[in-house]
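Have a look at the structure below before the remarks.
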Amino acid sequence: MTGVLVPYDGSDTALDALEYATETFPDSDITALHVIDRAHLETPYGELLVGREELRRRATERAEELLEDAEAAAEEAGVRIETSVSIGHPVREVLDHVGEHGLDQIVIGGRGMSNVPQLLLGSVAFGVVLHADVPVTVIR
């Protein structure tokens, strides 16, 4: 059985990637991973306004909401998925999750209309494609 990771941020392309994964790998173990970018938790303005713990609480709450939406979308396709939240650098967290869980495939949403690869794929998708040790499917 194949293990598939879908980095999920709630964007249209992330939803498209999830739909692709559930259609293409319906008998696989599919995990939707939302990464809370640590850099967003360490902004001086945010800390001044609400405090670090409140920022973390809000980000975690938002991540859980997004992943509930991902579960509902997968359920509509008749597929049950696992979900996970991590905090850190998005590319590193995606790659670490794949390695730690022995997953075989990444399906990630890309975006953009430029011919520059990083803009074409998005910076997270670009970093994942460059550094992944498993096949990566980019959905645009």
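Suppose the filter is touching a residue at least 40 places away in the same chain (Cβ under 8 Å), more than 14 Å from I139 (Cβ to Cβ) and surrounded by 18 or more Cβ atoms within 10 Å (Cβ to Cβ); does H101 pass it?
no
Can you name the residue in region 11-26 that is touching a residue at least 60 places away in the same chain (Cβ under 8 Å) and assigned to a loop (DSSP other than H, G, I, E, B) and, of all such residues, is surrounded by the most Cβ atoms within 10 Å (Cβ to Cβ)?
Applying the filter and picking the extreme gives F25.
Can we say Y8 is aromatic (F, W, Y) and modelled with pLDDT under 95?
Criteria not met by Y8.
The values are calculated or read from the model by the stated rules, or taken from the named source; none is laboratory data. Being a predicted model, the structure only gives us computed values, none of them experimental. We place every Cβ from the backbone using ideal geometry, glycine too, and count neighbours over all the protein chains shown.
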